[in-house]
Structure formats: C-alpha cells, structure tokens
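Here the structure is laid out as structure tokens; the discussion comes afterwards.
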Amino acid sequence: MLAAAEETGLVKMLTEAVPTGNEASVAPRLADSRASTRQSLMLTLLFMNLAGVRRSWDLRGYSGDGLGLLSGRPRAYGYAHTERFLAQLAKVNGADLLTIGLARWTSQLWRVGEADTLAVYYVDGHRKPVYSDSLLPRGLVGRTGKILGCRSLTLLHDTQGHPLAVLTARGDQHLTIGLPLVVASYEQAIGQGQLPTVIVDREGMSAPFLQEVGAEHTIITLLRTDQYKDLTSFHNVGEFVPLEYDRDGVLIREVAPAQFMLNVPGQSNQVVTLSVALVRDWRRQVPVQVEEKHPRQWYADLAQDQRWWENEWIASPAPSVPTQPKLIPVVSTASTQDAVGLAHTYFHRWAAQENIIRDFLIPLGLDTNHGYSKTPVENSEIAKRRAVLQKRLDNCRAWADKAYRKSDWNSKHGNKLWQAAKAYSDDQYRQLNLRLSETEYQMLDRSAWRALVKQETALIDPEISRRFQEAQRVLNRSHREWEKYERYCVLQREVLRDLENLKAQERSMYELNNAKDHIMTVCKVALANLVMWVRDRFFSAAYVHATVERLLPFFRLPGRVLTYHEHVLVTLRPFNDRRLNRDLAEFCAKVNQAHVCLPSGKALYFAVAETTHP
C-alpha cells in the first residue's frame with residue numbers, strides 16, 4: 001500500500017498539502033518540522049484504519065509493526081505526536097488544502113473529465129452520529145432511522161463508484177445545499193469545466209433546487225411519493241417496454257417515457273418540465289385507492305344463501321384488496337425519450353455509490369468521529385419554530401388590525417346609515433301626518449280613513465325598510481369583524497404564550513469544529529481509492545468486485561522485511577488455504593513485474609514463504 005501511494009502520487013499530494021513556513025505561522029511546531037516528519041505523520045493518519053486503529057487515542061495501546069513500516073519508521077508514532085500534528089494541521093487550514101488535493105489526485109488517478117461529455121456523477125449525503133451531552137445540530141441518520149446529533153458528509157462519486165471528493169458540514173445541512181457546494185468545489189479544484197450529469201437521491205427533489213441547479217447541470221433523481229398519485233399525474237405517457245427480467249425470464253420491471261410538470265412553490269405561473277422514465281415494478285404491489293361514496297358493508301360480497309347472522313355460519317376468506325404495480329418515476333431535467341437508458345443510469349446509483357459507502361468507506365472508519373471542540377451557536381431548531389410562531393404572530397396582528405379597522409369603519413358607517421334611515425322615516429311619517437290632518441281627510445269615516453292610512457303607509461314603508469336593512473347589514477358586518485378581532489386577539493395571546501414556553505424550553509446548541517474530522521475523512525476517502533487502485537491493478541479478475549473486508553487479510557499478512565541497498569524484500573507468511581495462496585502468489589508476481597518503488601526510492605519485491613508440512 002505504501003508503494004501504491006508513492007506510485008499514484010498520493011504521498012506527494014499529502015505532503016504538499018501540509019502548510020509550511022509563513023503559511024503555518026500560527027503553529028510554530030508544524031512550521032519548523034522537517035519534511036520527513038510531516039510525511040511520516042501524514043502516512044500515519046492515512047494508514048491508521050488499515051492497521052485497525054480507528055482513533056489517534058487507540059495508538060496508546062497499539063503494539064504492532066505494520067503502521068510503523070507504512071509510515072517509514074521503526075515504530076509507529078504515539079498518541080501525543082499524532083494528535084498534536086492533527087490539531088496543528090486543522091489550525092492552519094489543512095482541511096481545505098487536503099480537500100483540493102484529494103479532488104486533483106482522484107481526477108488524475110481515474111482520468112476524470114478527459115473529454116467525456118456523457119459521464120455521470122453521483123452525489124449522496126451521509127450522516128454519522130455524534131453522541132454528546134450537549135445539543136448538536138441534528139439530522140436523520142439513515143442506517144438507524146433516528147434523528148441524532150451528527151456530522152453531515154456530502155460525497156461525489158464517478159460512474160465506477162470511485163469517491164472523488166467529500167465535504168463535511170453540520171448535521172442539519174440538507175443535501176440540496178451540500179450538492180452545489182461539493183460540485184463547485186470539485187470543478188474548481190480540477191479546473192476542467194462543469195460536470196455534465198449529476199445523479200442524486202430523492203432528497204434533492206425540490207422544484208427551486210432543480211430550477212436553479214438544473215440550469216447548469218443535468219440532474220437525475222426520483223419523484224417523492226407525495227408529488228404524484230398515479231399514471232394520471234403524468235403527461236405524454238408512452239408505451240411500456242421491458243426493462244428487467246428475473247432469472248426465470250419473468251418480466252419484473254417495465255418502463256415508459258413520460259413528462260411531469262413540477263410546480264414551483266410561490267410562483268403559480270412557473271413549472272419545471274421534467275422528462276420521466278416511468279418504471280412499473282411488478283414485484284412490489286401497492287393497494288389501489290378506491291373512492292366510495294358510502295362505506296361498503298363487510299358482508300356485501302357474501303352469497304344470499306349464507307346466513308351470517310346465524311350461529312352455524314362458517315366464515316370464508318375476505319376478498320383480496322385490488323393492487324397495482326408500484327410506480328418508480330425517474331426524472332431528469334434534460335429532455336430525453338430514452339426511458340430505458342435513463343432508468344438504468346439512475347439504478348446504477350446503488351452499485352456506484354450506496355454499495356461503495358457501505359463496503360469501502362464505512363469499514364475504513366468513515367463513521368468514526370475525530371475532534372469534539374464546540375462553539376455555541378443559535379439553536380437552529382428553536383429558531384425555525386420561533387420563526388414560524390413569529391410569522392403567525394405578525395399575521396395575527398395584521399389580521400387583528402385589519403379586522404378592527406373594518407369593524408370601526410362599518411360601525412361608524414352603520415350608525416350614520418341608521419341615523420339617516422331614522423331621520424328619513426321620521427320625515428316621511430311627519431309629512432304623512434300633516435297630509436292626514438287636513439280637513440278633507442278629517443271628514444272621512446273611520447273605515448275609509450284607515451284604508452287611506454294603510455295605502456299611504458304602504459308607499460313609504462318599503463324605502464324606509466330598505467334603508468334600515470342596509471344599515472343593519474353594515475352593523476352586522478361590523479359585529480362580525482369585531483368577533484374576528486377578538487379571535488385574533490386570543491390567537492395573539494396563545495402565540496405569545498407559545499413563544500414564552502419556547503424560550504423557557506430552549507437549550508444551548510453547540511456546533512462542532514469539523515476541521516479534524518474532515519482531515520481524517522479525506523484520508524479515509526483517499527485510502528478507499530488506493531485500495532480500489534491496488535485491487536484493479538494487482539489482484540486477479542476474481543477480485544474485480546472485492547470489498548475491503550475481502551482484501552484486508554492480504555494487507556494484514558505478517559511477514560519478514562529485509563532492506564537492501566537498492567530494494568526491499570517482503571516475505572509474506574502464506575494462508576492456510578490453497579486457493580488464497582494461489583491468489584497471493586499471483587498478486588506478488590504482478591507487483592514484482594510492475595517494479596513499484598517506495599518513497600525512499602527503493603524497489604519493492606514480494607515473496608511468499610514456503611510452507612513446511614510435518
């Protein structure tokens with residue numbers, strides 16, 4: 001592994017990424033250290049997990065020789081030296097320099113970006129829990145399904161699954177924030193233009209995100225289940241064609257091209273048009289949602305001769321629930337009709353990313369935390385809830401002010417209308433009384449006089465009634481607005497009480513300093529790439545898909561090291577299995593033919609010790 005690190009330029013990258021001279025003035029011990037010392041310490045950080053040492057603290061009990069040999073020393077560095085070097089490296093901004101160095105090294109190692117406009121890249125987030133008595137920014141840890149204080153990693157992989165770059169952030173960072181950052185960081189580091197196609201999990205299925213990032217990159221992802229209902233949610237659905245068969249030749253998946261219009265929140269007149277590979281999975285059946293106006297009786301399917309209300313009735317199985325194949329809509333911001341290719345491109349994400357995280361990075365200690373220094377920050381969880389309550393309070397105040405003004409205006413206007421209606425009524429009846437008091441009307445008999453009064457009253461009462469009704473409607477409107485005002489006053493008091501309770505429940509939140517952890521994460525990602533490179537170049541074709549767990553026995557074989565003037569001979573102890581010994585012999589032969597060299601310039605040769613049988 002040490003020779004491979006020298007052959008691929010990893011040793012040079014790690015050494016040059018360590019600031020020296022004026023750049024490391026804040027860490028005098030690091031600035032004054034020798035280049036060989038810095039190289040040995042960086043190699044110690046790189047190969048710690050390969051030697052079974054998860055944290056620098058574990059070096060206190062480490063007694064092996066492997067880590068010392070890998071770092072170019074008779075014995076490995078102890079806890080104090082390694083931890084001090086890691087702290088100083090984090091202090092002088094070594095994390096950012098190593099991030100840039102890793103991106104450049106992986107791009108050269110795997111020939112990334114060499115005139116390949118069809119290349120695709122995979123971005124995913126990974127959260128590793130941090131257990132602390134203090135409140136840390138929290139996020140959903142996928143492998144446990146729990147919301148815990150954690151660190152959030154954003155990883156970028158190429159089509160073959162090689163991890164190219166990584167960023168570390170606080171645990172509550174969303175993938176839609178981390179994706180543009182890691183893509184921009186990688187593009188800036190390699191300096192070869194934009195990554196053409198980026199594939200991300202459905203966590204990135206956000207209309208504003210796709211609208212913004214999709215303008216520069218082709219984004220491929222999945223629709224969330226709450227964004228569609230069934231086939232009727234899609235437009236221009238084409239014909240379904242076979243996508244995947246099982247080993248017996250039975251169709252298990254089929255796909256059809258389609259389109260989906262994704263609405264942008266807050267912008268009713270804007271939609272994002274997405275090309276869809278609509279996959280129908282026949283292995284996964286979901287219930288069909290049937291809307292019934294009236295609930296169906298449980299015995300409706302029974303025959304007429306089945307008298308279920310009698311004691312002798314024997315129950316029969318209930319009818320099966322109607323089902324349909326599950327829809328898996330793979331969407332792309334680029335216009336395409338190749339639904340089969342789009343589906344295969346997305347589903348390759350599990351082999352190119354999810355399995356790499358599980359089989360390479362986690363076994364190499366990706367979930368191990370380094371550095372727990374904290375700084376107090378605003379409680380983001382309380383801040384979000386406070387922002388919601390404050391917005392509700394502002395709305396209630398605005399609504400209350402509006403309701404009060406409406407009530408006040410309607411009250412004044414209604415009183416004016418009422419007074420006007422009353423004055424109009426009094427005036428009309430005054431004039432009527434004056435007319436009826438004239439001599440010609442006084443001479444009428446009582447019945448004729450009453451008929452005349454009724455006739456005259458019928459002429460003026462409709463207008464009087466209309467005016468009073470209009471005034472009453474305005475007064476009723478004022479009363480309703482006043483009731484609204486009272487409700488909004490009650491809501492304000494309730495929201496203020498919720499804000500007081502929130503303040504009383506608020507805990508101090510602390511943000512972790514991720515510099516140390518990110519340096520170690522870069523080392524683990526670099527080590528994973530190195531293991532893949534060694535596997536692809538020196539192991540037989542039977543190990544083309546081998547994981548770290550399968551390769552570790554080869555890397556940890558005991559043996560004898562003999563150092564000569566121009567070369568180093570390592571004699572390995574054989575396995576107890578003949579097949580593994582044949583693979584080991586083939587591995588040694590390929591390494592010897594490659595003439596790889598160690599950082600000291602000496603050639604490295606392997607041999608397998610002969611087994612003696614009693």
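Among all residues of the stretch 139-148, there is none that is in a loop (DSSP other than H, G, I, E, B), touching a residue at least 12 places away in the same chain (Cβ under 8 Å), in the same structural domain as residue 262 (by TED's automatic domain parsing) and crowded, with 21+ Cβ neighbours inside 10 Å.
Just one of the listed residues (454, 412, 484, 402) is assigned to a helix (DSSP H, G or I), charged (D, E, K, R), assigned by TED's automatic domain parsing to the domain that holds residue 388 and touching a helix residue (DSSP H, G or I) at 6+ places or on another chain (Cβ under 8 Å), and it is 484.
Of all residues in the stretch 249-261, those that are without any contact (Cβ under 8 Å) to a residue 24 or more places away in the chain have Cβ atoms under 9 Å from Cβ atoms of residues that are among the aromatic types (Phe, Trp, Tyr), 6 or more apart or on another chain, in 250/282. Within the stretch 77-109, the set of residues being at pLDDT 90 or above, part of a loop (DSSP other than H, G, I, E, B) and buried (at least 19 other Cβ atoms within 10 Å of the Cβ) comprises 77 only.
Checked against the criterion of being part of a loop (DSSP other than H, G, I, E, B), within 19 Å of residue 528 (Cα to Cα) and either within 36 Å of the chain's Cα centre (by Cα) or not assigned by TED's automatic domain parsing to the domain that holds residue 361 (or both), the stretch 56-69 contains not a single residue that satisfies it.
Just to be sure before I move on: is residue 132 in contact (Cβ under 8 Å) with a residue 60 or more places away in the chain, over 19 Å from the mean Cα position of the chain (by Cα) and surrounded by fewer than 17 Cβ atoms within 10 Å (Cβ to Cβ) in the structure I sent? Considered against the rule, which asks whether it is in contact (Cβ under 8 Å) with a residue 60 or more places away in the chain, over 19 Å from the mean Cα position of the chain (by Cα) and surrounded by fewer than 17 Cβ atoms within 10 Å (Cβ to Cβ), residue 132 comes out as yes.
Contact map, the stretch 448-470: residues that are of a type outside the set (A, V, I, L, M) paired with residues that are assigned to a helix (DSSP H, G or I) and loosely packed, with under 13 Cβ neighbours inside 10 Å, Cβ distance under 8 Å, separation 6+ or inter-chain. Pairs shown: 456/435.
Taking (1) exposed (fewer than 15 other Cβ atoms within 10 Å of the Cβ); (2) more than 60 Å from the chain's Cα centre (by Cα) in turn, residue 421 satisfies each apart from (1). The set of residues from the stretch 238-278 being of a type in the set (Val, Ile, Thr) and closer than 21 Å to residue 207 by Cα comprises 264, 271, 272, 273, 276.
Among the residues making up the stretch 319-350, those that are farther than 21 Å from residue 212 by Cβ, surrounded by 14 or more Cβ atoms within 10 Å (Cβ to Cβ) and of a type in the set (A, V, I, L, M) are 327, 328, 339, 340, 342, 343. The residue that is nearest to residue 369 (Cα to Cα), among those in the stretch 113-131 that are modelled with pLDDT of 90 or more and not in a strand (DSSP E or B), is 130.
The values are calculated or read from the model by the stated rules, or taken from the named source; none is laboratory data. Quick caveat: nothing in here was measured; it's all calculated off a predicted structure. Here Cβ is always computed from backbone atoms with ideal geometry, including for glycine, and neighbour counts include all displayed protein chains.
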